[in-house]
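**Student:** Below you'll find the structure I mean.
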Amino acid sequence: MWKTPAIAFATSLTLSVSGPSDAAVASDQPVARHIAIAGDEAAAAPLIEAALTYAAFWNSGDESFARRALASGFIDRTLPAGRPQGLAGPLQASKAFRTAVPDLSAEVVDLVVAGDRVSVRLHFRGHFTGQFGTVQGAGQAVDFAAFDLYRVEDGRIAENWHLEDNLTLMQQLGLVKH
């Protein structure tokens, strides 16, 4: 049976992550709108913390969050062509995307924990004011969804399967016609 913890549970996890400063953690780490746990809340806490810390990386671009959230042998199971495996992949992706969308924010809409897995539905927003490849943005809004499935080991994300709504994103960037 699934049970949803109180919002206070998510808030306390948000503030418990060690980071550059309490203020940076409080402002950069998203709080999940919905959390569902299959099993013991105490056992799920380190998995939720790893997922929210990684979401803080996508929300802020601060590499220290990715370094704390990802295991040393991190494997991206849906690695796009040209992106390096391991920690270097997300760091490269974030830097490139923030060049195009400097005000990028990530909201954790849903977070579900079962065993050693965490599924996360993310909502990204921002404005295309920078450059993406050879295309210069004109300030248009960017608003798309992504889904991640993590396998967490010893409180860190060891594997990730990632899907995002690239068609919507490419249409918003003006790279694909509607």
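**Student:** Which ones in region 108-132 are touching a residue at least 40 places away in the same chain (Cβ under 8 Å) and among the small types (Gly, Ala, Ser)?
**Tutor:** Ala114, Gly115
**Student:** So, one more: Looking at Ala88, is it under 14 Å from Leu70 (Cβ atoms) and out of contact with any Pro (no Cβ under 7 Å at 6 or more places or on another chain)?
**Tutor:** Criteria met by Ala88.
**Student:** Turning to a different aspect of this structure: Has region 41-63 got any residue that is of a type in the set (Asp, Glu), loosely packed, with under 13 Cβ neighbours inside 10 Å and at pLDDT below 95?
**Tutor:** There is no residue in region 41-63 that is of a type in the set (Asp, Glu), loosely packed, with under 13 Cβ neighbours inside 10 Å and at pLDDT below 95.
**Student:** Listed residues Ala32, Ala56, Ala44, Ala36; which is part of a helix (DSSP H, G or I), in contact (Cβ under 8 Å) with a residue 24 or more places away in the chain and over 27 Å from Gln136 (Cα atoms)?
**Tutor:** Just one listed residue meets the conditions, Ala44.
**Student:** Kindly list the number of the only condition in (1) more than 20 Å from Ala88 (Cβ to Cβ); (2) surrounded by 15 or more Cβ atoms within 10 Å (Cβ to Cβ) that fails for Tyr150.
**Tutor:** (1)
**Student:** Within region 74-95, take every residue that is surrounded by 15 or more Cβ atoms within 10 Å (Cβ to Cβ), not polar (S, T, N, Q) and not in a loop (DSSP other than H, G, I, E, B) and give me the one that is nearest to the chain's Cα centre (by Cα).
**Tutor:** Pro90
**Student:** Tell me which residues, restricted to region 101-113, are touching a helix residue (DSSP H, G or I) at 6+ places or on another chain (Cβ under 7 Å) and not in a strand (DSSP E or B).
**Tutor:** Leu104, the sole residue that qualifies.
**Student:** A further question on this structure: Select from region 114-139 the residues that are at pLDDT 95 or above, exposed (fewer than 14 other Cβ atoms within 10 Å of the Cβ) and in a strand (DSSP E or B) and list them in ascending order.
**Tutor:** Within region 114-139, Gln131, Gln136 qualify.
**Student:** From the list Thr129, Thr134, Thr78, Thr168, exactly one residue is polar (S, T, N, Q), more than 30 Å from Asp40 (Cα to Cα) and in contact with a strand residue (DSSP E or B) (Cβ under 7 Å, 6 or more places away or on another chain). Which is it?
**Tutor:** Only one candidate passes the filter, namely Thr168.
**Student:** Out of (1) free of Cβ contacts under 8 Å to residues at least 24 places away in the same chain; (2) among the charged types (D, E, K, R); (3) more than 25 Å from Ile48 (Cβ to Cβ), what's the single condition that is false for Arg67?
**Tutor:** Among (1) free of Cβ contacts under 8 Å to residues at least 24 places away in the same chain; (2) among the charged types (D, E, K, R); (3) more than 25 Å from Ile48 (Cβ to Cβ), Arg67 violates only (3).
The values are calculated or read from the model by the stated rules, or taken from the named source; none is laboratory data. Only a predicted model underlies this, so the values are computations on that prediction, with no experimental measurement involved. Heads up, the Cβs are rebuilt from the backbone with ideal geometry, glycines too, and the neighbour counts pull from every protein chain shown.
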